[in-house]
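Colleague: I have a structure I would like to understand better, so I am pasting it below and will then ask my questions one at a time.
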Amino acid sequence: MHRDVVVIGGSAGSISVLRTLVSSLAEDISAAIFIIVHSPPRTGNQLTQMLQKYARIPVREASDGAALEHGVIYVAQPDRHVLIADGHMHSTRGPKEGLHRPSINVTFRSAAQALGPRVIGVLLSGMLDDGASGLWEISRRGGVAIIQDPDDALFPSMPLNALRDAAVHYRLRANEIAPLLKPLVDGLEMPQRWANRDSDSPAEQFSGLTC
């Protein structure tokens, strides 16, 4: 299966991970890639400009009504949610969710609802639990759920909450994420069926993960 949308969420401690990730993305990756980071409004387009210095593919701000293009990284604007529907992105202020705008959950859920198994969700370092319920929705609808290994995250709360609440397929160190994305996008990597997320057994809980 061709998985042609990758949604990546992060917060505190995720910027260095994003630099590593975008610098290692394949130039011929045939997916639209969205990056959602909790950023205060005053930061403007600083994250977009910074990531473009490291990426080998175009990095743009997510703009309302724009069509999704493969091989492009779209960065959520500060103080605006990003939603995905009908092959287009929508950038809107909307109400905050969990004190956040942009909210990782908002983007993850909209992508899952619009595209189902075509979505790859990646949750990076951050505090609290934004992204956990959205990653659950991605997995529930047949998409692929990836977290940064909590042991590798500067702030492990977000990936830990996803590991507890969502059906995670992979837990990876920062430098392991980008090399996996292209084979997942191209359908060459087939995630294992995840274990019952309510299981109390560590062996069962991790049987669907690649470490």
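Colleague: Which of the residues that make up the range 16-46 are farther than 25 Å from residue 183 by Cα and more than 16 Å from the chain's Cα centre (by Cα)?
Modeller: Of everything in the range 16-46, those that are farther than 25 Å from residue 183 by Cα and more than 16 Å from the chain's Cα centre (by Cα) turn out to be 40, 41, 42, 43, 44, 45, 46.
One line per residue, one yes/no per condition, for (1) more than 20 Å from residue 130 (Cβ to Cβ); (2) modelled with pLDDT under 95; (3) in a strand (DSSP E or B); (4) touching an Asp or Glu at 6+ places or on another chain (Cβ under 7 Å):
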position: 19; (1), (2), (3), (4): yes, no, no, no
position: 27; (1), (2), (3), (4): yes, no, no, no
position: 65; (1), (2), (3), (4): yes, no, no, no
position: 77; (1), (2), (3), (4): no, no, no, yes
position: 91; (1), (2), (3), (4): no, no, yes, yes
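Colleague: Can you confirm whether residue 80 is farther than 25 Å from residue 177 by Cα, touching a Gly at 6+ places or on another chain (Cβ under 9 Å) and surrounded by 15 or more Cβ atoms within 10 Å (Cβ to Cβ)?
Modeller: yes
Colleague: Condition first: part of a loop (DSSP other than H, G, I, E, B) and out of contact with any Leu (no Cβ under 7 Å at 6 or more places or on another chain). Now tell me which residues in the range 29-45 satisfy that.
Modeller: Scanning the range 29-45 gives 30, 31, 38, 40, 44, 45.
Colleague: Quick one: residue 23 ticks every box in (1) touching a helix residue (DSSP H, G or I) at 6+ places or on another chain (Cβ under 7 Å); (2) surrounded by 17 or more Cβ atoms within 10 Å (Cβ to Cβ) bar one, so which box is it?
Modeller: Unmet for residue 23, out of (1) touching a helix residue (DSSP H, G or I) at 6+ places or on another chain (Cβ under 7 Å); (2) surrounded by 17 or more Cβ atoms within 10 Å (Cβ to Cβ): (2).
Colleague: To continue, here is another question. Considering the range 89-104 alone, what residues qualify as being buried (at least 19 other Cβ atoms within 10 Å of the Cβ) and either of a type in the set (Val, Ile, Thr) or under 13 Å from residue 139 (Cα atoms) (or both)?
Modeller: Of everything in the range 89-104, just one residue is buried (at least 19 other Cβ atoms within 10 Å of the Cβ) and either of a type in the set (Val, Ile, Thr) or under 13 Å from residue 139 (Cα atoms) (or both), namely 104.
Colleague: Let me ask you something else. Would you check which residues across the range 38-74 are of a type in the set (A, V, I, L, M) and out of contact with any helix residue (DSSP H, G or I) (no Cβ under 6 Å at 6 or more places or on another chain) and list them?
Modeller: The answer is 47, 50, 57, 62, 66, 67, 68, 72, 73.
Colleague: Given the range 115-194, what strands (runs of 3 or more DSSP E) lie entirely inside it while holding 2 or more residues that are in contact (Cβ under 8 Å) with a residue 60 or more places away in the chain and buried (at least 18 other Cβ atoms within 10 Å of the Cβ)?
Modeller: 119-123, 144-148
Colleague: Would you check which residues across the range 105-114 are among the aliphatic types (A, V, I, L, M), buried (at least 24 other Cβ atoms within 10 Å of the Cβ) and either under 19 Å from residue 66 (Cβ atoms) or modelled with pLDDT under 95 (or both) and list them?
Modeller: If the condition is that a residue be among the aliphatic types (A, V, I, L, M), buried (at least 24 other Cβ atoms within 10 Å of the Cβ) and either under 19 Å from residue 66 (Cβ atoms) or modelled with pLDDT under 95 (or both), then 106, 111 are the ones that fit.
Colleague: Take the conditions of a type in the set (S, T, N, Q) and touching a Pro at 6+ places or on another chain (Cβ under 9 Å) and apply them to residue 113. Does it pass?
Modeller: No.
The values are calculated or read from the model by the stated rules, or taken from the named source; none is laboratory data. It should be emphasised that the depicted structure is a prediction, and the values quoted were computed from it without experimental measurement. Positions of Cβ are generated from backbone atoms using ideal geometry, with glycine treated the same way; all protein chains shown enter the neighbour counts.
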